[in-house]
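One structure below.
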Amino acid sequence: MIKRETYMRRIRPFIGNELVKVLTGIRRSGKSVMLNLIQEELAERGVERQQFISFNFENMSNAHLCNAAALHDEIIRRAADLDGKVYLFFDEIQEVAGWEKCINSFRVELDCDIYITGSNAKLLSGELATYLAGRYVEFIIYPFSFGEFVELYRTVYPDTDTRQCFQKYLLLGGMPYLSNLRYEEEPCRQYLRDLFNSVELKDIVKRNSIRDVDMLERIVSYITANIGTTFSSTAISRYLKSEGRSVSAETVLNYIKACTDAFLFYQVKRQDLQGKKILTVNEKYYVADHGMREAVFGGNMKDINLVLENIVYMELLRRGYAVTVGKVSDQEIDFVAQIRDSKLYVQVSYLLVAEDTIRREFGVFDRVRDNFPKYVVTLDEFDMSRDGIKHRNIRDFLLAEEWN
């Protein structure tokens with residue numbers, strides 16, 4: 001188990017206070033492990049483990065507690081036997097009917113510190129926003145970064161260099177459980193296919209009561225094949241019509257929303273950098289884990305330019321950046337990433353093999369006049385930085401502690 005310090009640094013200031021700590025993210029991204037890491041942190045601070053009360057609601061032995069009243073009574077009963085602050089850990093809380101009222105009640109009745117996880121973005125909408133407005137803090141847990149992957153991969157294969165690690169990362173992605181399979185390709189692919197089906201069935205179909213599963217699968221396939229390319233719901237609707245399936249653009253949007261709520265896809269809006277406004281058409285989408293894409297649909301090496309983009313985009317999210325696609329006249333900058341007053345521009349390409357490719361990738365920054373860092377990120381081994389624009393090998397870029 002690695003420490004996932006990127007997340008612990010953000011969570012640490014909130015440990016022990018009254019805010020409800022909410023950990024969200026795609027299924028099996030490591031949220032349960034984060035709860036264990038928080039418990040380890042508390043133990044190091046001198047908190048006795050008997051003060052911890054923990055439930056995973058996907059465990060059938062806890063099925064009798066999957067309604068608010070039963071869970072409330074059980075926690076109150078257990079807390080009565082404890083002195084001092086109680087630390088509550090609830091994994092996959094969305095399985096508990098009416099859980100929002102339950103969590104709010106604990107805040108009122110107990111001296112407690114609460115941590116919950118869930119695999120759906122809707123966890124923080126609707127009733128929870130009403131019951132806990134201003135009283136929770138959210139942390140999105142993503143699959144492993146390349147840096148985390150290297151750290152764990154080398155515990156299995158100690159003599160592997162970063163280039164070999166990246167080849168594995170390209171194909172297998174960053175789902176934490178893969179280390180238990182020793183990163184062997186066929187078992188990993190099988191696990192990722194089963195995980196994808198679980199996300200689709202439990203977090204998309206079941207949670208949204210989707211009846212036309214075939215239509216959902218076609219839309220998911222389209223988006224997965226076209227990660228990093230701009231398209232509209234109307235374009236998908238036209239494509240499906242050509243395939244003999246008629247569906248409205250609005251229905252397509254609803255299905256895509258269900259996928260983004262389950263953290264399977266992330267939507268990236270386009271920003272007009274000259275007009276300084278967000279454009280409302282033709283967004284891009286990226287998949288939460290490119291290893292699942294390879295296992296289910298294949299083509300990571302064939303579409304390597306788009307997969308490299310996907311990897312860089314997810315790394316930007318992990319580090320807390322808000323990301324848009326930058327539009328400058330008729331050109332696009334892959335990523336405009338902002339965090340507080342800091343900004344970063346990133347252009348991603350496979351290889352700078354020809355002079356016209358070099359001119360295109362570097363030239364896209366010509367109309368950007370500010371002094372924020374600008375990067376071209378590729379698989380090239382040689383540094384081709386020019387005109388104040390930094391060129392980085394993608395492995396070095398992903399492993400860098402900071403970019404500014």
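The values are calculated or read from the model by the stated rules, or taken from the named source; none is laboratory data. Source: prediction; values computed, not measured. Here the Cβ positions follow ideal geometry from the backbone for every residue, glycine too, while neighbour counts run over all protein chains shown. What goes into the accessible areas is simple: the full protein's heavy atoms, side chains included, and nothing from ligands, DNA or RNA. Shrake-Rupley method; radii C 1.70, N 1.55, O 1.52, S 1.80 Å.
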For the chain, what percent of Cα pairs sit more than 39 Å apart? 23
0 to 90° range, to nearest 10: angle between helix 249-261 axis and the chain longest Cα axis: 60
Using the Cα centre of the range 85-186 as the reference point, and only Cβ charges (+1 on K/R, -1 on D/E), how large is the resulting charge dipole? Debye, rounded to the nearest 20. 220
Over the Cα atoms of the range 294-404, what radius of gyration and what Dmax do you get, in Å? 13.7, 42
In the chain the DSSP beta bridges are antiparallel at a rate, in percent to nearest 5, of 40
20 °C / 1.002 mPa s Stokes-Einstein diffusion coefficient of the range 68-152, Kirkwood radius on C-alpha pairs, µm²/s: 148
Beyond 18 Å, the calculated P(r) of the range 57-108 holds a percent of Cα-Cα pairs equal to 26
Which number do you get for Rg(Cα) / (2.2 N^0.38 Å) in the range 231-387? 1.13
Give me the percent of accessible area attributable to carbon and sulfur for the chain, probe 1.4 angstrom. 47
Within the range 167-249, report the trypsin sites (Lys or Arg not before Pro) that DSSP leaves as loop and that have at most 16 other Cβ atoms within 10 Å. 182, 207, 211, 245
What does the charge dipole of the range 214-320 about its Cα centre add up to, to the nearest 20 debye, if the Cβ of each Lys and Arg holds +1 and the Cβ of each Asp and Glu holds -1? 360
For residue 173, what residues show an amide H to amide H distance below 5 Å, using hydrogens built from the backbone and excluding near sequence neighbours? 291
Crossing angle, helix 31-44 versus the chain [Cα axis fit, 0-90 degrees, rounded to tens]: 60
Under 5 Å between amide hydrogens, which residues at least 5 positions from residue 350 or on another chain qualify, with H placed 1.01 Å from N in the peptide plane? none
Determine the principal axes of the Cα atoms in the range 114-244, then give the extent along each, sorted from largest to smallest and rounded to whole angstroms. 48, 48, 26
The range 118-180: Rg/Rh from Cα coordinates, Kirkwood Rh? 1.23
With runs of 4+ DSSP H residues as the only contributors, calculate the mean residue ellipticity of the chain at 222 nm using -39,500 (n - 2.57) per run, divided by the residue total and rounded to the nearest 500. -11500 deg cm²/dmol
Which loop-located chymotrypsin sites (Phe, Trp or Tyr not before Pro) does the range 82-118 contain, where loop means any DSSP state but H, G, I, E or B and the Cβ has at most 14 other Cβ atoms within 10 Å? none
So with the 1.4 Å probe, I'd like the accessible area per residue for the range 73-134, rounded to whole Å². 40
Beyond 19 Å, what share of the Cα-Cα pairs of the range 1-92 is found? Please give it as a whole percent. 46
What's the magnitude of the charge dipole for the chain around its Cα centre, counting Lys and Arg as +1 and Asp and Glu as -1 at the beta-carbon? Answer in Debye, nearest 20. 840
Checking the range 356-404 for GluC sites (Glu not before Pro) in a loop per DSSP with at most 14 other beta-carbon atoms within 10 Å yields 381, 401, 402
Tell me, how many Å apart are the Cα centres for the range 26-76 and for the range 200-243? 34
